[in-house]
Amino acid sequence: MISLALAGKPNAGKSTFYTAATMAEVDVANYPFTTIDANRGISHVRTRCPCLDLDQRCGNENCHGGKRYVPIELLDVAGLVPGAHEGRGLGNQFLDELTNADAILNVVDASGGTDAEGEPVEIGSHDPVEDIDFIESEMDMWLAGIVDRNWEKIERQSRSPGFDIDDALTDLLTGFGATEYDVAASLRDLEYPETPMAWDDEHREALATEIRARTKPIVVVANKIDVAPAENVDRLLELDKPVIPATAQGELALRRGAEHDAVSYDPGDETFEMTDAVSEQQRTVLAALGETMDRWGGTGVQAALDYAVYDLLDRVTVYPVQDATHWTDGQENVLPDAFLLPSGATPRDLAYAVHTDIGEGYLHAVDARANREVGDSYELEEGDVIKIVSTAR
């Protein structure tokens, strides 16, 4: 399962975002380090369900009238403060939690209502742009520290015949999520001494920055747009980085309202409808939220999750079935499963994603939409419905 992590300074709204995206209860308060231990929960990315091409909807619990929600893991890490990579605010512990994440959502208080340490200040008094590079820098320096602490081992290995720096660094960085390809590609983009003994801090820091960018891509979530000065949000959007305006508090209100039939809303909708169960006071609050959503095209929470998976990580959603005619499994469930695979994945990759035995016994695949066999080199596309033919059951 793809894993996304929420990072940012304290009090930026990470836990509210997490609660809104998972509907799991966590402690939320207006002071730093409310979250100490990382919270892990299940959220979803949203895409178009192939059942819209059938005569009726699939009925899957993760399909809301043709809006398909595919499970992912969401991790809420405690707030980071400047100097986290040196251990400030238990920073090393919190940074370690990011190791297995596939991508990072950097939640920023766009209102400027919290200072660099996460302490509440007057809205607009802190520049949220300052909080953007800070997270990247802390992660880069933290990884550089890991490389530095293990460099003596690399130097010892370099004295052995047949030493290969790509292999040595891959062994070192595998725990951070780096693959052999990531290490090789990073080294190609860097200038560095031939022997590890000649590397200095700048070389190791440059390597850490390259590896982090490849293995932990970041999207900025400009949170609290419902109270943020317009110029703050505009300046964030002008940055040469992916930035998604969001109101986690607004999303949480809608999700809870939908649970109580006060509003009609699905995560990722650009609008919502109020029901007769809404009080006049609630109607006023929701009307203001509706204006914010009209301006930004929704609350931004679902948009941030979707961007991280489908754009940053370049995934496609593929639906394996046993019956290529009716798009069902062995129990006649229509479109029972959805898999998020890397762009460029093949039917054989899908077979292995379903089960190792099915992958090992793979024979061929059928495109259920066209009802025709596809070759092993066929690159799966978003929304493909595929029947895997395998010697395994």
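None of the figures in this text is laboratory data; all of them are computed from the coordinates on show. Keep in mind that this is a model prediction, so the values were computed, not measured. Don't worry about glycine lacking a Cβ; one is built from the backbone with ideal geometry, like all the others, and counts go over all protein chains shown.
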- request: Starting from the Cα-Cα distance between ILE42 and THR356, subtract it from 0.36 nm times their residue separation and give me the gain in nm to one decimal.
  value: 110.7 nm
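Using the Kirkwood radius over C-alpha pairs as Rh, can you work out the diffusion coefficient of the range 203-333 via Stokes-Einstein at 10 °C, viscosity 1.306 mPa s, in µm² per second?
Details: Rh = 17.7 Å.
Rounded to a whole number, D works out at 90 µm²/s.
Rounded to the nearest 500 deg cm²/dmol, what is the calculated helix-only ellipticity per residue at 222 nm for the chain, with -39500 (n - 2.57) per DSSP H run of length n ≥ 4? Intermediate values should be presented prior to the final figure.
Working: 13 runs with 132 residues, N = 393.
Mean residue ellipticity at 222 nm (helix-derived): -10000 deg cm²/dmol.
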- prompt: Hey, what did the chain get for relative contact order, percent, Cα under 8 Å, at least 6 apart?
  reply: 15 percent
- prompt: With Cβ to Cβ distances under 13 Å as the rule, what net charge do the other residues near GLU152 carry (K, R +1; D, E -1)?
  reply: +3
Rounded if a/c under 1.5, otherwise prolate or oblate - the range 315-390, Cα gyration tensor axes: rounded
Given (i) 71, 64, 34; (ii) 68, 54, 43; (iii) 84, 49, 43, the label whose value is Cα extents along the principal axes in Å derived from this model: (i)
- request: Determine the sum of side-chain charges near ARG348: Lys and Arg each +1, Asp and Glu each -1, restricted to other residues whose C-beta is under 12 angstrom from that of ARG348.
  value: -4
task: Return the percentage of antiparallel bridges among DSSP beta bridges fully within the range 315-390, rounded to the nearest 5 %.
output: 80 percent
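Can you tell me how much longer the chain between ASP166 and GLU332 gets when fully stretched, taken as 0.36 nm per residue apart minus their C-alpha distance, in nm with one decimal? If you can, show how the numbers build up before the last one.
Values: separation 166, 0.36 × 166 = 59.76 nm, distance 4.88 nm.
Here the answer is 54.9 nm.
Please pull out the direction-averaged projected area of the range 128-232, using the convex hull of its alpha-carbon atoms, in nm² to one decimal place. Working shown, then result.
Working: hull surface 31.5 nm².
Over all viewing directions, the range 128-232 projects a mean Cα-hull area of 7.9 nm².
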- request: Report the calculated FRET efficiency for GLU270 and GLU379 (r = Cβ-Cβ distance, R0 = 41 Å), to the nearest 0.05.
  value: 0.85
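Restricting to the chain, compute how many DSSP beta bridges are antiparallel as a %, nearest 5. Walk me through the numbers on the way to the answer.
Numbers: 29 of 50 bridges.
So the antiparallel bridges in the chain amount to around 60 percent.
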- prompt: Cross-link list LYS14/LYS216; LYS14/LYS241; LYS9/LYS216; LYS14/LYS153; LYS67/LYS387: which exceed 27 angstrom alpha carbon to alpha carbon?
  reply: LYS14/LYS153
statement: In nm, the gap between the two label points placed 7 Å beyond Cα toward Cβ at ARG235 and SER3 is 3.6 nm
- prompt: Under 15 Å from a point 7 Å along the Cα-to-Cβ line of GLU155: which residues of the range 168-201 have their amide N that close?
  reply: 193-201
